[in-house]
1. Residues of region 18-38 being out of contact with any helix residue (DSSP H, G or I) (no Cβ under 6 Å at 6 or more places or on another chain) and under 16 Å from ALA68 (Cα atoms), which ones?
2. So HIS28 ticks every box in (1) surrounded by 14 or more Cβ atoms within 10 Å (Cβ to Cβ); (2) assigned to a helix (DSSP H, G or I); (3) not aromatic (Phe, Trp, Tyr) but one. Which box is left unticked?
3. Against the condition over 14 Å from ARG103 (Cβ atoms) and buried (at least 19 other Cβ atoms within 10 Å of the Cβ), how does ALA34 come out, does it pass?
4. Take the residues in region 42-70 that are in contact with a helix residue (DSSP H, G or I) (Cβ under 7 Å, 6 or more places away or on another chain) and free of Cβ contacts under 8 Å to residues at least 40 places away in the same chain, then tell me which one is surrounded by the most Cβ atoms within 10 Å (Cβ to Cβ).
5. Run ALA76 past the list (1) surrounded by fewer than 19 Cβ atoms within 10 Å (Cβ to Cβ); (2) of a type in the set (Gly, Ala, Ser); (3) part of a loop (DSSP other than H, G, I, E, B) and report the number of the one that doesn't hold.
6. State yes or no: is THR18 among the hydroxyl-bearing types (Ser, Thr, Tyr), at pLDDT below 95 and buried (at least 17 other Cβ atoms within 10 Å of the Cβ)?
7. Condition test on SER36, is it within 14 Å of THR2 (Cα to Cα) and assigned to a helix (DSSP H, G or I)?
8. Where the second residue is among the charged types (D, E, K, R) and part of a strand (DSSP E or B) and the first is closer than 14 Å to ILE57 by Cα and touching a residue at least 24 places away in the same chain (Cβ under 8 Å) and lies in region 1-26, which pairs have Cβ atoms under 8 Å and are six or more apart or on separate chains?
Amino acid sequence: MTRAICIRCGEVKHGCWTPCRACGHAPHGETELADSLCLSDQMMDDREDMDAVAEYIRDNRIVPVFPAGFRHALAAVRKAKASLTRRGLLPADPDTFVSALTRREIP
């Protein structure tokens, strides 16, 4: 199963698009789904890097954004749009959802 980091609280969870057991947040919308995919072992292969990112989110309540990885993840989310919409992870009208999470681009 995929190991991931919750984009709201920084806790480790199983599955990048599943609700967090610690805070209950479930990613929704293109940006949150792409951020969640970026912060999973599907895109981060070093456990120490994942632990450092989790600590950063817990300490700062900010989602770090890695531009190249985010673009790749966003393309994957958009490719799976029909399936994600059926599962309720993407709204049928993308203009109806705006994430309230704070994000910071990391060069």
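1. Of the residues in region 18-38, the ones out of contact with any helix residue (DSSP H, G or I) (no Cβ under 6 Å at 6 or more places or on another chain) are 18-26, 28-29, 31-32, 35-36.
Selection gives THR31, GLU32, ASP35, SER36.
2. In the conditions (1) surrounded by 14 or more Cβ atoms within 10 Å (Cβ to Cβ); (2) assigned to a helix (DSSP H, G or I); (3) not aromatic (Phe, Trp, Tyr), HIS28 misses (2) alone.
3. It is false that ALA34 is over 14 Å from ARG103 (Cβ atoms) and buried (at least 19 other Cβ atoms within 10 Å of the Cβ).
4. PHE70
5. (3)
6. Details: among the hydroxyl-bearing types (Ser, Thr, Tyr): yes; at pLDDT below 95: yes; buried (at least 17 other Cβ atoms within 10 Å of the Cβ): no.
So THR18 fails the test.
7. yes
8. ALA4/LYS13; ILE5/LYS13; CYS6/LYS13; VAL12/ARG3
The values are calculated or read from the model by the stated rules, or taken from the named source; none is laboratory data. These figures come from a predicted structure and were not determined experimentally. A quick note on method: Cβ atoms are made from the backbone with ideal geometry, for glycine too, and the neighbour counts reach across all protein chains shown.
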